[in-house]
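So the structure is just underneath, and the comments pick up after that.
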Amino acid sequence: MEQRYGLALTAAIFSAAAALGGLWSGYEAHRSADLSNQGLNIEASVAIVRYCDVDSRDRMESGDDIDELTGSSGGEEYTTNMERRELLNEVSQRPRRFLSCKLTNYGRVPVLDITYFETVTYHGGNTHKRQHNNEVIDAIGPGESRTFWVVNTDNDPLVFHVPDLVTYYRFPDLNRLREQTLSLDSHDYWILRRSADPAEHYE
């Protein structure tokens, strides 16, 4: 009798432990799914971060891009993946300091065919143009950055507002073009000149 009672008690204890284990496993699975969904939501909302500042042409590297703007005509020419010697040759007759902008991918997957949009003011402040790089940036891998140098090619100054929107594809979904709005202060802009120091920052 006592032996049966002991076996029954032991079985009851194991059953209770198994039930608790099942509940805990279910909780952990639910928690992991929530964390995963949170990660996906973060990834969906933020992938690219932009940073712009004045920098020396000595910092130019192979693989950088150049965005050449023309203050008098309102033109733009964007060239990607340049060799360092090509970059230096392009700016050899100009000042040593230029506006450098960096796009960094903080997501977990590559982004492809990146286009950024900014506003440029030409002709002494009379003409505003909404522009974008006319040659897409091919790819930026997770944790990687792409630097582009903004240059005014003539003596008429222009105003360059930092990029406020980027579009791209996120691997492996190559059918959905995504748009990401970049945080922007309306007073955050740069005056670019060809002669003397080429960039003045206002915020």
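On the basis of being in the same structural domain as TRP149 (by TED's automatic domain parsing), modelled with pLDDT under 90 and aromatic (Phe, Trp, Tyr), does PHE14 make the cut? It is false that PHE14 is in the same structural domain as TRP149 (by TED's automatic domain parsing), modelled with pLDDT under 90 and aromatic (Phe, Trp, Tyr). Within the set LEU158, LEU87, the sole residue that is within 16 Å of HIS201 (Cα to Cα) and buried (at least 18 other Cβ atoms within 10 Å of the Cβ) turns out to be LEU158. Exactly one residue among THR127, THR119, THR115 is within 23 Å of ARG178 (Cα to Cα), modelled with pLDDT under 90, hydroxyl-bearing (Ser, Thr, Tyr) and in the same structural domain as GLN180 (by TED's automatic domain parsing), and that residue is THR119. Of the residues examined, GLY107 is not one that is small (Gly, Ala, Ser) and either loosely packed, with under 15 Cβ neighbours inside 10 Å or at pLDDT below 85 (or both).
Matching residues to (1) over 19 Å from PRO142 (Cα atoms); (2) in contact with a helix residue (DSSP H, G or I) (Cβ under 6 Å, 6 or more places away or on another chain):
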position	(1), (2)
MET82	yes, no
LEU87	yes, no
SER92	yes, no
ARG96	yes, yes
LEU99	yes, no
LEU103	no, no
PRO110	no, no
THR115	no, no
THR119	yes, no
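Inside the stretch 68-99, can you point out the residues that are small (Gly, Ala, Ser) and not in a strand (DSSP E or B)? GLY71, SER72, SER73, GLY74, SER92, listed by residue number.
The values are calculated or read from the model by the stated rules, or taken from the named source; none is laboratory data. Nothing here was measured: the structure is a model prediction, and the numbers come from that model. Glycine gets a Cβ as well: all are built from the backbone with ideal geometry, and neighbour counts include every protein chain shown.
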